[in-house]
Protein chains: 2
Amino acid sequence: MSTETPAPVPPAETQEVPAPPSTEPDPAVEGGGSTEGAEGTESRADGYVQPEVDVPALQRLLDGRYAEVRGLVRRNLVEHADILTDAETMSRDDYRDRVRDLVVEMAATGQTGMGFPVEHGGGGDPGASVAAFETLAFGDLSVLVKVGVQFGLFGGAIQQLGTRRHHDEYLPRVITGELLGCFAMTETAHGSNVQAIGTVATYDVETGEFVITTTTEDAGKDYIGNAAAHGEVAVVFAQLEVGGEGRGVHAFVVPIRVAGQPAPGVRIEDDGLKMGLNGVDNGRLWFDHVRVPREALLNRFADVTPAGVYESSIENPNRRFFTMLGTLVTGRVSVGAAGISASKVALTVAVKYALQRRQFDASDDEQEELLLDYGMHQRRLLPLLARTYALHFAQEELTGQLHDVLTGRVDDEQTRRELESRAAGTKALGTWHATRTIQECREACGGAGYLAENRFTALKADTDVFTTFEGDNHVLLQLVAKGLLTDYASEFEDMDQLGMARFVAGLAVETVVEKTRVHQLLERVRDLLPGGDEWDQEAGLLDPDYQLAMLRFREEHMISGVARRLKRGIDQGMHPGAVFSRVQDHVIGAADAHMERLVLEAFVARTRALPDGDQKVALNLLCDLYALSVIEADRAWFMEHGRLSVQRSKAISREVASLCRKIRPLADDFVDAFGVPTEMLRATALVGDLG
Amino acid sequence: MSTETPAPVPPAETQEVPAPPSTEPDPAVEGGGSTEGAEGTESRADGYVQPEVDVPALQRLLDGRYAEVRGLVRRNLVEHADILTDAETMSRDDYRDRVRDLVVEMAATGQTGMGFPVEHGGGGDPGASVAAFETLAFGDLSVLVKVGVQFGLFGGAIQQLGTRRHHDEYLPRVITGELLGCFAMTETAHGSNVQAIGTVATYDVETGEFVITTTTEDAGKDYIGNAAAHGEVAVVFAQLEVGGEGRGVHAFVVPIRVAGQPAPGVRIEDDGLKMGLNGVDNGRLWFDHVRVPREALLNRFADVTPAGVYESSIENPNRRFFTMLGTLVTGRVSVGAAGISASKVALTVAVKYALQRRQFDASDDEQEELLLDYGMHQRRLLPLLARTYALHFAQEELTGQLHDVLTGRVDDEQTRRELESRAAGTKALGTWHATRTIQECREACGGAGYLAENRFTALKADTDVFTTFEGDNHVLLQLVAKGLLTDYASEFEDMDQLGMARFVAGLAVETVVEKTRVHQLLERVRDLLPGGDEWDQEAGLLDPDYQLAMLRFREEHMISGVARRLKRGIDQGMHPGAVFSRVQDHVIGAADAHMERLVLEAFVARTRALPDGDQKVALNLLCDLYALSVIEADRAWFMEHGRLSVQRSKAISREVASLCRKIRPLADDFVDAFGVPTEMLRATALVGDLG
């Protein structure tokens, strides 16, 4: 199939893998390894000099081009910090109203309208809008989600799916918060599979109206923010039927409440108490032949003429659906950002706690040991800190891409699809990271972390739904994988998972397999590294090109594996659904590997661009820790695929521990640079006197 | 050092590890592996016949010897099921009172007093007491923890640390719930390190009283259940001072509330809102020269004569302290059990949801696919199900040991220490399992899982503190490791972590290293298996002896590694505290490996004892899935230590997936056998009509 010579087996590795049972002491255990030997003297013999972190400069770096709006949001957060206690002391109804009032107040400062067109009263800066939302996530998350519902989902749908007439009619009042609305897509029976929703909108040519109907009880709209109390209108997603023909899912502006009462034909139910986010009034909506004018259709991508003729600039219904959904990408970009911000709050509290809490004697005559001086405590918190930095920079890059697409600076199909894929993947990584980080930080604060007077109670309960709303994380990673597989064949990804299985198993698989043959992967990876065929044996563990090459190899190998598995299953005559089910964990693994590579690339690019100096040295510690933690966590895979010798695998674990010790004295600076306002930490007993 | 021949390198492995970069398709990807090849035909070609599960019989097996008391608790849970909604609708004060009333009502049925002596109104059956507590954990967890505080901690301390006079005076009223009390050990500044608490009890020989004093503000007792509202007395742990001499931590019965008001000299503060368990009135206590009679000292292990002479049957103060604490082991045994029960509730909801929720098309003409038919969903839930079974049987064994020790059937030092170690480790594993399982199950139920009307909201918030109360899990695993290291030298483990580092590095290390040399490990492991030196290459993956040998090898190798690392650090002149810090993650890893081995042994023993038949076949599937999931999760370690070839590692992952598919049709039966009362699932919309 190819004239390439297979890369030879690195000789050093064959001698050592697997380590034969032996009476000799294991070098890792006995400290014979060179990395291990250097540990005790890292601040002397190996030339490492602990860098000084310039905290204000580092915060400026993190705040980036949106420092101004972030500053505005921080001031608003501090001014309204009492919402954090209101959340605990008020009744649910009062808390909801308080959150609504606060959202309207914040809207008046301009922070929530940054993404809307200037002509309607917005800021005309989508990137700033995401940065504002990201910063707002340091505070009460009901406020955040209410902002997201009103300005991101509801306002965003009108902006992105509607046309001039909708913009003129609604946007000015949406931006001020005068008109509160809902984004009514999800139904009780259908969340992830939006194409199968049961709400129907039938065009009545006699009256020139659409008739909106909930066809079954479990086709009721569910979990809809602003529905239970405050929303006056809703953007309702429904199956459009024109002249007896189904045209797929479209969106309509439908009044749901008049003078505080449900509009005629609309039934509303409160979703009741939730795990968290109880300042947001989620509810259910059922429509019983609710009539709206023809103009209620958000008609950017499709319209119905008065005479009942369906018209769309996008012929393929699947593609039309995914194009519509694609315009709503800001929501996912924002939720991922919020997850990362919530992680910053949790880490700030936990690191500061670990720097003042002492427990157990370090020696006989001194005071007890600080928690952060325990190796295990460093191992628990510091890789999460490094990952938070990594995700921050990946998110920054994503926000930049979103800004470019939404402002039309870049507007090709390929970039839009890349943006959607990256938004999906970053949302999954960012929100899972939040769940994991908040939990670890809570446990690291012991019983004190369990009291509501610190942030963990709210952070845990409020962020929990992030992993499944705005797209279930597993479904989102499948979307990413679909993009990776179909990209190879330059085909559109407007297909469901069955389609994907069939498609990949058919035309595309030869291309995928050809493009991802192991030796070709190696060849491409080799371009990154000067080391020749033994690139992965000789390169330094702290060489970012080595780290990137490892993650890129894993990603491409996994994508190739998925394609082959799909093809094999189909070739064996298995049902495509069964094939997909069996390959699903590989599909998700490949998407995850892809995302980790993108995250590392973003981090490496950002640190490389820095001028030489302490700041660069300090950030490189975090970048190395992130990269090696990722490789360490999946070192079994790398060993299984010949990319890691046993010795090197152990060396990576030692290097991770060594990096943790180097980062330990800088940890306080690193969390300070997040710029979480002190008032948002609340837990004075946990974090000490921060003044 | 030894005449043993090192075990030869298995020839099959050297050829294949590491997998050389190659143009050949990876066998795992292409399905060339034998296990993979069998996947498509597992229910035909490999002779596997799906077993039928007899659910009532399986529940009887799980309920074990305590079926009767479990039945009583289940009936009580169902009768008072409305507490689950009261928890959401009542004010905090009302909810606390409601929980108190319920606890007293349940006490009247006898379920909470099973562990107390018959002569004082108890059941005289400590094992039944744990089983009752375990079953109670299916319901509202504030009720559970209030029961734990009153009968386990407070009552248990009086029973275990007191003598006849205390038993006669307090136990009858404790058992009925007439006298509610506190277990006042933890202080704001000291949780894990109890030996360093700051409360002082000075003997005043003039009056024959102890004077209890909180020496600093942060030496106040904190997080104390029953303190904020309901408790009348407290067992207070304080540094005893007699005649100017410190005697270490002892316990005293101290009145804290008289006619609903704080007793003179006692200051009480409410801990306020917590993440969960808000039906329990946790609070803080400060003592300002509070005088109690000499008889208030719980004097089973030490006493002070009226003339002020200190007397104790245990000379070594450290050993005395650990002996006192050791008698309180029931608390840890109970919390671990509760964590496992909470996991059962979460899994029951999530599995039933996955068996009725459909999303996305499986094929063009059928209905959408059930969630549990997705490979990823099986991978998420079914290993957790298998682990829950495994932990159940390990917990059952532990409860049996506790029963034997507390009833005096077995009463040697060694057994007591084993019990304490096992209780600590099982508590850590069981409670972390709960956190992880509940989170995964919540996410697996999507948005529906976020509504409070199902159990996840309460389960998450209420169980969260389980990982850090009754001993922080990391500290508990250190305790386990300490036992493992010092056991080798037959010394007592009454030393802190510094002592451990010094001790192990000194006398003991030669013994440890000698006993755990790799070839000797292999020799011992070899006894388990007939396969000779290639036991780990030739044995079937589903052979329990293979699985046990793998876990035993890992455990012993890790313990040995810890000992060597400690010794090396000390030999290099490092401070013992620094040495410990660096080795800490290995210490915890070794303890974890030890516990996983014990859990698997318990599961294997239980399944082996079953008569041949479907039930045994079914349980073996779970046991295999548990064992292989554990090995898979740490397969990097096994590869790094020469116990797993690349091929075999991949085969284990395939086998895990295959086992998931085999368990899939039995999943509903497996959760039904947990016997969680339907009323405790609440989430009718999630789990469908269970009637």
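For A:Thr415, state whether it is more than 10 Å from chain B (Cβ to nearest Cβ), closer than 23 Å to A:Tyr389 by Cβ, part of a helix (DSSP H, G or I) and among the polar types (S, T, N, Q).
When the stated conditions are applied, A:Thr415 does not pass them.
Can you name the number of the only condition in (1) touching a Lys or Arg at 6+ places or on another chain (Cβ under 8 Å); (2) farther than 27 Å from B:Val676 by Cβ; (3) surrounded by fewer than 24 Cβ atoms within 10 Å (Cβ to Cβ); (4) within 14 Å of chain A (Cβ to nearest Cβ) that B:Leu84 fails?
All conditions are met except number (2).
Does B:Gln395 satisfy being touching a Gly at 6+ places or on another chain (Cβ under 8 Å), touching a residue at least 12 places away in the same chain (Cβ under 8 Å), farther than 16 Å from B:Leu666 by Cβ and within 14 Å of chain A (Cβ to nearest Cβ)?
no
Which residues, taken from the stretch A:170-199, are open to solvent by 10 Å² or more (accessible area, probe 1.4 Å) and among the polar types (S, T, N, Q)?
A:Thr176, A:Thr186, A:Thr188, A:Ser192, A:Asn193, A:Gln195
When you go through (1) touching a residue at least 24 places away in the same chain (Cβ under 8 Å); (2) under 30 Å from A:Leu666 (Cα atoms); (3) open to solvent by 30 Å² or more (accessible area, probe 1.4 Å); (4) of a type in the set (D, E, K, R) one by one for A:Arg300, which number turns out not to apply?
Unmet condition: (2).
Examine the stretch A:273-286 for a residue that is more than 14 Å from every other protein chain (Cβ to nearest Cβ), under 30 Å from A:Asp462 (Cβ atoms) and touching a Ser or Thr at 6+ places or on another chain (Cβ under 7 Å), and state whether such a residue exists.
Yes, there is a match, as at least one residue in the stretch A:273-286 is more than 14 Å from every other protein chain (Cβ to nearest Cβ), under 30 Å from A:Asp462 (Cβ atoms) and touching a Ser or Thr at 6+ places or on another chain (Cβ under 7 Å).
Quick test of your reading of the structure: B:Ala189 fulfils all but one of (1) more than 27 Å from B:Gly276 (Cβ to Cβ); (2) over 23 Å from the mean Cα position of the chain (by Cα). Name the failing condition by number.
Here B:Ala189 clears every test but (1).
List every residue pair whose Cβ atoms lie under 7 Å apart, where the two residues are 6 or more positions apart in sequence or sit on different chains, the first residue falls within the stretch B:668-685 and is under 21 Å from B:Ala67 (Cα atoms), and the second residue, located anywhere, is hydroxyl-bearing (Ser, Thr, Tyr) and open to solvent by less than 20 Å² (accessible area, probe 1.4 Å).
If the second residue must be hydroxyl-bearing (Ser, Thr, Tyr) and open to solvent by less than 20 Å² (accessible area, probe 1.4 Å), the pairs left are B:Val671/B:Thr348; B:Phe674/B:Thr348; B:Val676/B:Thr348; B:Leu681/B:Thr348.
Which one of the conditions (1) part of a strand (DSSP E or B); (2) within 16 Å of B:Gly181 (Cβ to Cβ) does B:Asp281 fail to meet, given that it meets all the rest?
(1)
Just to be sure, is A:Val687 of a type in the set (A, V, I, L, M) and modelled with pLDDT under 95?
yes
This table checks each residue for (1) in contact with a strand residue (DSSP E or B) (Cβ under 6 Å, 6 or more places away or on another chain); (2) under 18 Å from A:Leu62 (Cβ atoms); (3) touching a residue at least 12 places away in the same chain (Cβ under 8 Å).
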site	(1), (2), (3)
A:Gly326	no, no, yes
A:Arg332	no, no, yes
A:Val335	no, no, yes
A:Gly339	no, yes, yes
A:Ala346	no, yes, yes
A:Arg358	yes, no, yes
A:Gly375	no, no, yes
A:Leu382	no, yes, yes
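With respect to B:Arg442, is the statement that it is without any contact (Cβ under 8 Å) to a residue 12 or more places away in the chain and either within 30 Å of B:Thr323 (Cβ to Cβ) or surrounded by 24 or more Cβ atoms within 10 Å (Cβ to Cβ) (or both) true?
Taking the combined requirement at face value, the residue does not satisfy it.
Among what's in the stretch A:200-243 and is open to solvent by less than 10 Å² (accessible area, probe 1.4 Å), part of a loop (DSSP other than H, G, I, E, B) and more than 14 Å from chain B (Cβ to nearest Cβ), pick the residue that is farthest from A:Pro264 (Cα to Cα).
Among those that are open to solvent by less than 10 Å² (accessible area, probe 1.4 Å), part of a loop (DSSP other than H, G, I, E, B) and more than 14 Å from chain B (Cβ to nearest Cβ), it is A:Asn226.
Within the stretch A:558-589, which residues are open to solvent by less than 20 Å² (accessible area, probe 1.4 Å) and at pLDDT 90 or above?
Matches in the stretch A:558-589: A:Val583, A:Gln584, A:Val587, A:Ile588.
If I filter the stretch B:300-343 down to residues being assigned to a loop (DSSP other than H, G, I, E, B) and in contact with a helix residue (DSSP H, G or I) (Cβ under 8 Å, 6 or more places away or on another chain), which single residue comes out as farthest from B:Asp140 (Cα to Cα)?
Looking at residues that are assigned to a loop (DSSP other than H, G, I, E, B) and in contact with a helix residue (DSSP H, G or I) (Cβ under 8 Å, 6 or more places away or on another chain), I get B:Pro306.
Working only within the stretch B:95-112, note down all residues that are of a type in the set (Gly, Ala, Ser) and not in a loop (DSSP other than H, G, I, E, B).
Answer for the stretch B:95-112, where residues must be of a type in the set (Gly, Ala, Ser) and not in a loop (DSSP other than H, G, I, E, B): B:Ala107, B:Ala108.
In this structure, does A:Leu72 turn out to be within 28 Å of the chain's Cα centre (by Cα), more than 20 Å from A:Met680 (Cβ to Cβ), surrounded by fewer than 21 Cβ atoms within 10 Å (Cβ to Cβ) and at pLDDT 95 or above?
Judged against the criteria, A:Leu72 is not a match.
When you go through B:Leu610, B:Leu598 one by one, which is the residue that is at pLDDT 85 or above, part of a helix (DSSP H, G or I), more than 13 Å from chain A (Cβ to nearest Cβ) and in contact with a Lys or Arg (Cβ under 8 Å, 6 or more places away or on another chain)?
When all the criteria are applied, what remains is B:Leu598.
Mind checking which residues of the stretch B:150-199 are outside any helix (DSSP H, G or I), among the polar types (S, T, N, Q) and within 14 Å of another protein chain (Cβ to nearest Cβ)?
B:Thr186, B:Thr188, B:Ser192, B:Asn193
Every residue, every condition in (1) closer than 30 Å to B:Ser91 by Cα; (2) free of Cβ contacts under 8 Å to residues at least 24 places away in the same chain; (3) open to solvent by 60 Å² or more (accessible area, probe 1.4 Å), yes or no:
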{"position": "B:Val253", "(1), (2), (3)": "no, no, no"}
{"position": "B:Arg257", "(1), (2), (3)": "yes, no, no"}
{"position": "B:Gln261", "(1), (2), (3)": "yes, yes, yes"}
{"position": "B:Pro264", "(1), (2), (3)": "yes, no, yes"}
{"position": "B:Glu269", "(1), (2), (3)": "yes, no, yes"}
{"position": "B:Gly276", "(1), (2), (3)": "yes, no, no"}
{"position": "B:Asn282", "(1), (2), (3)": "yes, no, no"}
{"position": "B:Arg291", "(1), (2), (3)": "no, no, yes"}
{"position": "B:Ala296", "(1), (2), (3)": "no, no, no"}
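Out of everything in the stretch A:465-485 that is open to solvent by less than 10 Å² (accessible area, probe 1.4 Å) and over 13 Å from the mean Cα position of the chain (by Cα), what residue ends up being farthest from A:Val329 (Cα to Cα)?
A:Leu485
Of the numbered conditions (1) away from chain B (no Cβ under 14 Å); (2) surrounded by fewer than 24 Cβ atoms within 10 Å (Cβ to Cβ), A:Ala423 satisfies every one except a single condition; which is it?
If we test A:Ala423 against (1) away from chain B (no Cβ under 14 Å); (2) surrounded by fewer than 24 Cβ atoms within 10 Å (Cβ to Cβ), just (2) comes out false.
Which of the following residues is touching an Asp or Glu at 6+ places or on another chain (Cβ under 9 Å) and within 25 Å of B:Ala338 (Cβ to Cβ): B:Val676, B:Val656, B:Val630, B:Val687?
Residue meeting the stated conditions: B:Val630.
Within the stretch B:109-128, is there a residue that is crowded, with 20+ Cβ neighbours inside 10 Å, among the small types (Gly, Ala, Ser) and over 19 Å from B:Thr176 (Cβ atoms)?
Yes, there is a match, as at least one residue in the stretch B:109-128 is crowded, with 20+ Cβ neighbours inside 10 Å, among the small types (Gly, Ala, Ser) and over 19 Å from B:Thr176 (Cβ atoms).
Among the candidates B:Gln497, B:Gln520, single out the residue that is in contact with a strand residue (DSSP E or B) (Cβ under 9 Å, 6 or more places away or on another chain), among the polar types (S, T, N, Q) and modelled with pLDDT under 85.
Just a single option satisfies the conditions, and that option is B:Gln497.
Which of the residues that make up the stretch B:339-395 are open to solvent by 10 Å² or more (accessible area, probe 1.4 Å) and among the hydroxyl-bearing types (Ser, Thr, Tyr)?
Scanning the stretch B:339-395 gives B:Tyr353, B:Tyr374.
The values are calculated or read from the model by the stated rules, or taken from the named source; none is laboratory data. Computed from a predicted structure; not experimentally measured. Virtual Cβ from ideal backbone geometry, glycine too; neighbours counted across all protein chains shown. The area values use the complete protein model at the heavy-atom level, side chains included, leaving out ligands, DNA and RNA. Shrake-Rupley method; radii C 1.70, N 1.55, O 1.52, S 1.80 Å.
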